Amino acid sequence: MELQEQIYQMKRELLQIAERNRMNLLHPEVIRASQELDTLIVKSMRPGAKTA
């Protein structure tokens, strides 16, 4: 799966998790999903990353 697709899916998942937890941004599940998204974004910013 392409990196951009992974980022898009993780954004959707993060939103669903946040909604499920009443938008509590300090909930452990929300923090975990946010960190996973951050990791994907950092990967996409690295030189030579295949994002298209």
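List of remarks:
- Among the protein heavy atoms, those of residue 11 account for about 110 Å² of accessible surface (1.4 Å probe, every chain in place).
- Cα gyration tensor, the chain - rounded (a/c under 1.5), prolate or oblate: prolate
- When the surface is traced with a 1.4 Å probe over the full set of protein chains, residue 32 keeps roughly 90 Å² accessible.
- The chain - mean residue ellipticity at 222 nm from DSSP helices (-39,500 (n - 2.57) per run, n ≥ 4, rounded to 500): -23500 deg cm²/dmol
- Accessible area in the full protein assembly, largest first, 1.4 Å probe, for 45, 23: 45, 23
The values are calculated or read from the model by the stated rules, or taken from the named source; none is laboratory data. All values derive from a computational prediction rather than experimental measurement. Keep in mind that these areas ignore ligands, DNA and RNA; they rest on the heavy atoms of the full protein, side chains included. Shrake-Rupley method; radii C 1.70, N 1.55, O 1.52, S 1.80 Å.
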